[in-house]
1. Determine the residues within region B:64-84 where the difference in accessible area between the chain on its own and the full set of protein chains amounts to at least 30 Å²; count protein heavy atoms only and use a 1.4 Å probe.
2. Which order do A:ILE23, B:ILE28 take by accessible area at a 1.4 Å probe, largest first?
3. Accessible area drop of at least 30 Å² (1.4 Å probe, protein heavy atoms): which residues of region A:28-48 qualify, relative to the chain alone?
4. Please give the total accessible area that chains B and A bury against each other, computed with a 1.4 Å probe and expressed in Å² to the nearest 100.
5. What is the Cα coordinate range of region B:132-176 on the first, second and third principal axes, sorted by size from largest, in whole angstrom?
6. Would you mind listing the distances between the A:ARG10 label point and the same position in each other copy? Use 7 Å along Cα-to-C-beta, nm, one decimal, shortest first.
7. Heavy atoms only, probe 1.4 angstrom, no DNA, RNA or ligands counted: give me A:ARG63, A:ARG94 ranked by accessible area, highest first.
8. Taking the DSSP beta bridges in the protein assembly as shown as the whole, what percent of them are antiparallel, to the nearest 5?
Number of protein chains: 2
Amino acid sequence: MDPRLDLVRRSIRDVPDFPKPGILFKDITPLLSDAEAFEATLALLEADARRQRTEVVLGIESRGFIFGAALASRLGVGFVPARKPGKLPAAVDREAYSLEYGKDALEVHQKSFRAGQRALVVDDVIATGGTARAAVALCRRQGAEVVGVSFVIELSFLEGRKALPGDIPIHALLTY
Amino acid sequence: MDPRLDLVRRSIRDVPDFPKPGILFKDITPLLSDAEAFEATLALLEADARRQRTEVVLGIESRGFIFGAALASRLGVGFVPARKPGKLPAAVDREAYSLEYGKDALEVHQKSFRAGQRALVVDDVIATGGTARAAVALCRRQGAEVVGVSFVIELSFLEGRKALPGDIPIHALLTY
């Protein structure tokens with residue numbers, strides 16, 4: 001295994017019973033606060049983003065902001081935040097997605113992308129894939145070309161990949 | 001004026017009546033999505049952070065994550081997220097602060113800092129200063145030395161500086 005990937009894996013902490021009993025939560029905060037582990041994570045995400053010739057990064061609120069914005073800075077490209085409803089001040093496009101119980105939505109300011117701009121969607125974790133699917137739909141609705149979807153962690157037993165369009169490369173550093 | 005600072009200023013959009021009638025909201029999303037403006041912003045924040053010999057960056061949820069995490073990556077240091085209550089999975093320290101109506105709080109995972117670690121607090125905007133004051137208090141409670149508080153925008157008529165301890169350098173790229 002790439003020693004950087006091993007460092008990333010060792011820096012993620014399991015927290016039992018969060019957000020509710022029976023769930024084992026993958027906590028990335030030890031990875032963030034460790035300079036070497038954070039650097040390793042971003043370097044691995046960056047290599048993939050460069051391979052996809054990324055021209056803009058969309059980060060999903062709010063842990064996706066952490067990885068997405070740092071990645072955009074390293075690539076020298078712009079950053080577009082996808083937010084929960086009501087947080088963005090100007091006119092937005094909205095995409096709803098299903099939760100275990102009920103619905104939620106993501107919003108992006110209108111005209112956030114140039115036509116054909118190569119967009120990479122970034123979040124910390126892919127679980128059921130609902131938020132990532134909504135983010136991809138927003139990029140496409142605004143004329144961007146989604147060149148990839150990148151995560152630090154994939155919870156493969158939740159089969160989030162199946163929620164995403166089959167023609168988009170999906171990249172996850174770690175799979176559980 | 002530094003041409004980078006002029007670019008930052010021109011990239012911020014005024015949105016009237018958000019979040020409520022009569023408020024003129026400073027929207028940073030055009031700055032983020034413009035690669036040159038985002039780079040200029042981060043370069044200016046980075047210069048100040050290096051002057052303070054920053055060893056770790058604390059970013060305040062959630063727009064502070066965008067600037068703080070990108071800044072930490074550029075500095076090669078770790079990143080600590082300060083979050084709204086209930087978002088962090090493990091044991092936290094909490095600091096309450098006052099809002100215009102009511103109260104809110106920030107949380108940081110316990111043991112996020114090493115004793116004496118030089119911490120820089122980052123957010124997009126300083127308004128009344130309540131959240132920044134809470135963030136500074138959390139750093140200090142965990143033994144960090146707060147070497148500065150950095151913002152992209154200062155809304156000086158709200159006098160947020162007065163809420164912060166007088167011995168900490170406060171840096172804002174733009175003042176309104």
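The values are calculated or read from the model by the stated rules, or taken from the named source; none is laboratory data. Predicted model, so just to flag it, every value in this text is computed and none were measured. Note that each Cβ is placed from the backbone with ideal geometry, even for glycine, and that neighbours are counted across all protein chains shown. Heavy atoms of the whole protein, side chains included, go into the accessibility calculation; ligands, DNA and RNA do not. Shrake-Rupley method; radii C 1.70, N 1.55, O 1.52, S 1.80 Å.
1. Residues shielded by partner chains are B:PHE65, B:ILE66, B:ALA69, B:SER73, B:GLY78, B:PHE79, B:PRO81, B:ARG83.
2. Per-residue accessible area, sorted high to low, gives A:ILE23, B:ILE28.
3. The answer is A:THR29, A:LEU32, A:SER33, A:ALA35, A:PHE38.
4. 2600
5. Over region B:132-176, Cα extents along the principal axes are 33, 16, 15 Å.
6. Label-point distances to the other copies, shortest first: 4.9 nm.
7. In descending accessible area the options line up as A:ARG94, A:ARG63.
8. Bridges in the protein assembly as shown that DSSP calls antiparallel: roughly 35 percent.
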